[in-house]
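Participant: I'd like to ask some things about the structure below.
Please treat every number below as a calculation from the coordinates, not as lab data. Note that the coordinates shown come from a computational prediction; the quantities given were computed from them, not determined experimentally. Please note: Cβ atoms are built from the backbone with ideal geometry, for glycine as well, and neighbour counts cover all protein chains shown.
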Amino acid sequence: MQMIKILDCSVTECVYNRNKQCHTMAIDVGSECPECEAYMTGTMKGGWENLTGGVGACHQSDCAFNRSFECSANGIHIGRHEKHADCETYKSR
């Protein structure tokens, strides 16, 4: 089994975002909304340039792609929702 990849991220001010790609090892998707819990801003960039981020855990129990708190989508998209980043692939059951 392989970790589900983050296909793109439009939240460019995130420290892990370089050229609309996520470069942290893994994110968790939140429980109250499908929020990217790795999202943070700052003056320095983080993560690894040669790494494409993946989904470590999904706490959105009502998501159609959630299987035992693991993501089963073919890949996810991250985008802005109000003042944070959300999984745009989230789909309610």
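Participant: Does region 25-35 include one or more residues that are more than 11 Å from the chain's Cα centre (by Cα) and either at positive phi or among the basic types (Lys, Arg) (or both)?
Facilitator: No, there is no match, as no residue in region 25-35 is more than 11 Å from the chain's Cα centre (by Cα) and either at positive phi or among the basic types (Lys, Arg) (or both).
Participant: Residue by residue through region 16-30, note down the ones that are within 19 Å of residue 69 (Cβ to Cβ) and either without any contact (Cβ under 8 Å) to a residue 24 or more places away in the chain or crowded, with 24+ Cβ neighbours inside 10 Å (or both).
Facilitator: Those that are within 19 Å of residue 69 (Cβ to Cβ) and either without any contact (Cβ under 8 Å) to a residue 24 or more places away in the chain or crowded, with 24+ Cβ neighbours inside 10 Å (or both): 27, 29.
Participant: Name the pairs whose Cβ atoms lie under 8 Å apart, with the first residue in region 41-70 and acidic (Asp, Glu), the second assigned to a strand (DSSP E or B), and 6 or more positions between them or separate chains?
Facilitator: Hits for this filter: 49/18; 62/92; 70/55; 70/57; 70/58.
Participant: For region 43-56: of the residues being exposed (fewer than 15 other Cβ atoms within 10 Å of the Cβ) and in contact with a strand residue (DSSP E or B) (Cβ under 8 Å, 6 or more places away or on another chain), which is farthest from residue 17 (Cα to Cα)?
Facilitator: 49
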